[in-house]
Amino acid sequence: MLPKEGQLLRIFIGESDRYENIPLYEWIVRKARSDGMAGATVLRGLEGFGADSRMHTAKILRLSQDLPIVIEIVDTKAKVQNFIASIDEIIEEGLATIENIQIRFYRSSKKTA
């Protein structure tokens, strides 16, 4: 069970970024799971730009193969700090942010008779 306070790690990369012959976002999620992180979610952006100001968009007339990807990982401060340190060398281009957060759980309370 996570404490009520933690951190949100948000990693911004491109959909075409790769590591060890797989998409980088997939590698990061697998690494988070193997490191015992509480959870990870990958979000695919419809449009965005990064440091080079080049637009990436999912518009029909201008299909991009490099849409923005955001990976969100929530856990304790210590685990987030250790995880980001372990992937720093892997991410060649992108951005990561870390925010202090309050954690709240919502779970189904269905009981079987």
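Numbers for the structure displayed
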read-out: Complete set of residues in region 28-43 that are assigned to a strand (DSSP E or B) and among the aliphatic types (A, V, I, L, M); value: A40, V42, L43
read-out: Criterion violated by Y25 - all others in (1) surrounded by 15 or more Cβ atoms within 10 Å (Cβ to Cβ); (2) assigned to a loop (DSSP other than H, G, I, E, B); (3) of a type outside the set (D, E, K, R); (4) at pLDDT 90 or above satisfied; value: (2)
read-out: Complete set of residues in region 64-80 that are part of a helix (DSSP H, G or I) and either surrounded by fewer than 16 Cβ atoms within 10 Å (Cβ to Cβ) or among the aliphatic types (A, V, I, L, M) (or both); value: K77, A78, V80
read-out: Region 6-34 residues that are touching a residue at least 40 places away in the same chain (Cβ under 8 Å), paired with ones that are outside any loop (DSSP other than H, G, I, E, B) and among the basic types (K, R) (beta carbon under 6 Å, 6 or more apart); value: Q7/K77; L24/R18
read-out: Members of region 3-45 found to be β-branched (V, I, T) and touching a helix residue (DSSP H, G or I) at 6+ places or on another chain (Cβ under 6 Å), listed by number; value: I13, V42
read-out: Answer residue from region 81-97, given it is surrounded by 15 or more Cβ atoms within 10 Å (Cβ to Cβ) and among the β-branched types (V, I, T) and is nearest to V70 (Cα to Cα) among those; value: I91
read-out: Flag for R44 being exposed (fewer than 13 other Cβ atoms within 10 Å of the Cβ) and under 14 Å from the mean Cα position of the chain (by Cα); value: yes
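The values are calculated or read from the model by the stated rules, or taken from the named source; none is laboratory data. Nothing here was measured: the structure is a model prediction, and the numbers come from that model. Methodologically, a virtual Cβ is constructed for each residue, glycine included, from the backbone with ideal geometry; neighbour enumeration extends over all protein chains shown.
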